[in-house]
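Contents: one structure, followed by commentary.
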Amino acid sequence: MNKHAIAGILNEIGVLLELKDENLFKVRAYHAGARALETLEEDLDTVIAEGRLQGIKGIGEALAKKITELQATGRLEFFENLKAATPPGLVEMLEIPGLGAKKIKALHAQLGISSIEDLARACAEGRVAALDGFGQKTQENLLAGIRNREAYGRRHLWWEAFRAAEPILRGLRALPQVRRAEHAGSLRRGLETVGDLDFLVAAEEWAPVVQWFVSRPEVAEVTAKGETKASVRFTSGLQADLRIVPPDQFVFALHHFTGSKEHNVQMRQRAQARGLSLSEWGLVRAEGEGTAKEKAGAKRGGVGVGPGSIQTETALFAALGLHDIPPELREGLGEIEAAELGGFPRLVEAGDLRGVFHNHTTASDGRNSLAEMVAGAQARGWEYFGVADHSQASFQANGLDAARLRKQIADIAALNRSGRYQIHVFAGVECDILPDGRLDLDESVLRELDYIVVSVHSAFSQSETEMTARIIRAIEHPRTTMLGHLTGRLLLKREGYAVDVAKVIDAALANRVAIELNANPQRLDMDWRHWRAAAGRGLLCVINPDAHDVAGLDYVRAGINAARKGGLTAAQVLNTHGLSEVRKYLITKNPMAGAVGVKT
């Protein structure tokens with residue numbers, strides 16, 4: 001078990017102990033131990049083998065033994081017993097925004113609440129508002145959180161669905177009976193959340209494919225099984241449907257099951273206006289206009305209109321007088337009219353990215369060191385990498401004050417001069433936008449940075465007018481380079497704060513500030529729906545992973561999806577440009593930008 005997994009367990013132990021009302025110093029010891037592991041730059045296996053674990057600040061004898069046991073066996077009896085002794089409903093309540101261990105403990109002790117259902121009843125009856133430290137507003141927020149949890153429980157983040165779907169798709173494609181296989185639905189369209197998975201297969205021998213699908217180890221329940229269809233539920237809660245069609249029908253089924261519903265309706269209407277009928281089975285002359293052979297063929301495998309059969313979606317669109325429409329744009333939002341007028345420009349792709357800017361290290365709340373993050377970025381073939389740890393107001397994230405930030409700037413400069421890495425490292429900061437719109441750090445230190453990401457991390461309850469004015473004031477600061485996660489939303493968990501997005505976009509355009517498309521799968525913020533109009537006005541996008549560890553750098557894949565849904569091309573995304581061009585852009589905000597550690 002690696003250090004990050006062990007740190008996660010230590011943090012969970014701390015939470016469980018707090019729920020049990022254990023000594024606060026004991027609770028803090030586990031969180032401190034987790035932090036010590038996350039910031040450990042040495043190899044954990046080596047530290048343990050050399051007997052140096054107990055000498056690390058924050059790790060005492062008892063904790064060292066538990067870490068060693070986890071590292072060696074992957075399990076800890078103390079942790080398992082602690083989980084077994086804690087009512088599962090209390091742990092589940094941690095999923096409600098605004099509920100931490102301290103409040104859950106108070107609810108359990110004073111009202112006997114042991115589950116989300118108990119909490120909902122107590123809130124409905126007004127008993128929670130009467131407790132010290134809660135009040136009417138907290139009670140209303142808890143009820144909203146419970147409602148959101150119920151609504152969101154039926155959907156999954158695109159990233160989680162994609163990671164579940166990819167090995168299944170690879171497995172299907174490897175089967176000898178399978179001619180073609182794709183996933184469809186909202187996953188293929190790159191929608192930010194996914195209800196279920198749809199797999200489509202072209203095959204003539206069906207039984208072995210169905211059997212392989214329903215017998216996967218991740219399948220918790222088979223809900224339906226037929227000759228050409230099957231439905232399962234994975235252990236993660238995701239439902240997945242498999243459909244098998246004849247090879248000649250595949251392209252029509254793929255288009256149909258990719259959707260969206262609105263796109264499909266408009267496509268069928270377009271076909272009808274041309275005397276044709278479009279369905280998952282094929283494209284044929286409409287009822288009364290085709291031959292009996294053509295109509296029968298549609299049911300068997302989709303007889304195409306015109307010479308030859310339709311084998312690709314591009315050919316299907318062409319048969320209806322349209323240029324190809326990328327799956328991400330098929331939302332019924334004007335893409336058909338646009339495809340009639342001309343072809344879409346090539347949308348941005350993951351391979352276009354040359355670097356990223358919004359990333360965290362162990363200096364704030366990241367889980368990998370500066371060197372580890374830089375090495376991870378270089379391994380992904382990027383030309384440059386930006387470090388933007390939190391500023392001091394984000395105390396919960398171990399934010400940096402001016403002195404610590406200046407040390408990090410010096411460390412980055414030294415790393416650039418060392419020649420240890422081919423990639424160039426930019427020194428930045430994710431600077432908190434304070435409630436009145438001021439930035440969290442003084443001009444003197446901001447001037448020393450290559451770039452500044454400004455973000456809201458507090459006072460989410462401000463009115464739309466207040467929040468909008470607050471963000472615009474930060475955008476107007478002469479050192480601001482880009483705005484981070486515009487609405488602060490956390491998908492399937494927390495709605496964004498109230499803000500007039502249109503006014504913020506206007507301010508960004510007026511002040512030549514880029515807006516981030518935060519690629520963290522829980523954020524994907526600014527939303528793709530806003531990008532469709534904003535990019536056309538010249539707003540510059542930055543696709544950032546908001547990575548807190550090396551693995552998080554891969555979140556850019558989710559950001560690319562959202563950018564494609566927003567119709568963005570590579571030219572409209574700052575970090576598809578090379579190092580020299582990016583330096584020139586940053587210098588427009590700060591004459592010293594790009595100079596940190598540059599070799600002379």
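Quick one: order 57, 102 by neighbouring beta-carbon count within 10 Å, fewest to most.
Arranged by neighbour count, lowest to highest, 57, 102 become 57, 102.
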*Roughly speaking, what % of Cα-Cα pairs in the range 156-246 are separated by over 22 Å, rounded to a whole number?*
19
*asked:* Give me the extension gain from residue 118 to residue 177: residue separation times 0.36 nm, minus the current Cα-Cα distance, reported in nm with one decimal.
replied: 16.1 nm
*Set the Förster radius R0 to 22 Å, insert the Cβ-Cβ distance between residue 163 and residue 380 as r into 1/(1 + (r/R0)^6), and round the FRET efficiency to 0.05.*
0.80
*How many nm is it between the label spots at residue 268 and residue 495, if each spot is 7 Å from the Cα in line with the beta carbon?*
3.3
*Note the per residue figure in Å³ for the convex hull of the C-alpha positions in the range 321-404.*
162
*Express in whole angstrom the spacing between the alpha-carbon centres of the range 92-131 and the range 215-242.*
35
_Contact order relative to length of the chain, as percent, for alpha carbon pairs under 8 angstrom and 6 or more apart_ = 10
_For the range 92-222, take N as its residue count and report Rg(C-alpha) divided by 2.2 N^0.38 Å._
1.56
*Note down the nm distance, to one decimal, between modelled labels 7 Å out along Cα→Cβ at residue 338 and at residue 68.*
6.1
*So what's the back-of-envelope 222 nm ellipticity for the chain, counting only DSSP H runs of four-plus at -39500 (n - 2.57) apiece and dividing by all residues, rounded to 500?*
-12500 deg cm²/dmol
*State, as an integer percentage, the relative contact order of the range 350-587 based on alpha-carbon contacts under 8 Å between residues 6 or more apart.*
20
*Nearest 5 is fine: what % of DSSP beta bridges in the chain come out antiparallel, could you say?*
45
*Okay, which of the range 312-336 sit inside 16 Å, backbone N to the point 7 Å along the Cα-Cβ direction of residue 260?*
326-336
*asked:* If I model a spin label as a point 7 Å beyond the Cα along the Cα-Cβ vector, how far apart are those points for residue 49 and residue 125 in nm?
replied: 6.0
*Applying 1/(1 + (r/R0)^6) with R0 = 56 Å to the Cβ-Cβ distance of residue 420 and residue 109, what FRET efficiency is obtained, to the nearest 0.05?*
0.55
*Leaving out same-chain residues fewer than 8 places away, which aspartates and glutamates sit with a Cα under 16 Å from that of residue 225?*
198, 205, 241
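For the chain, go through all pairs of different Cα atoms, get the mean of 1/r, take its inverse, and jot down that Kirkwood value in Å. Don't jump to the answer; show the numbers that get you there.
Working: mean 1/r = 0.0370 Å⁻¹.
One over the average 1/r among Cα pairs gives 27.0 Å for the chain.
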*Mind jotting down the three principal axis lengths of the range 430-548 based on Cα atoms? Whole angstrom, largest first.*
38, 31, 31
*What lysines sit close enough to residue 589 to cross-link, taking a C-alpha to C-alpha distance under 28 Å and skipping anything fewer than 8 places away on the same chain?*
407, 503, 599
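Work out how much length residue 94 to residue 211 would gain on full extension: take 0.36 nm times their residue separation and subtract the Cα-Cα distance, in nm to one decimal.
38.2 nm
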*Compute the length gained on full extension between residue 395 and residue 137: take 0.36 nm times their separation in residues and subtract their Cα-Cα distance, giving the result in nm to one decimal.*
90.4 nm
*Nearest-0.05 FRET efficiency for residue 444 and residue 503, computed from C-beta distance (R0 30 Å)*: 0.50
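Only the coordinates and a few stated rules stand behind these numbers; no lab work does. Keep in mind that what you see is a predicted model, and the values were worked out from it rather than measured. No Cβ is skipped: glycine too gets one built from the backbone with ideal geometry, and neighbour counts run over all protein chains shown.
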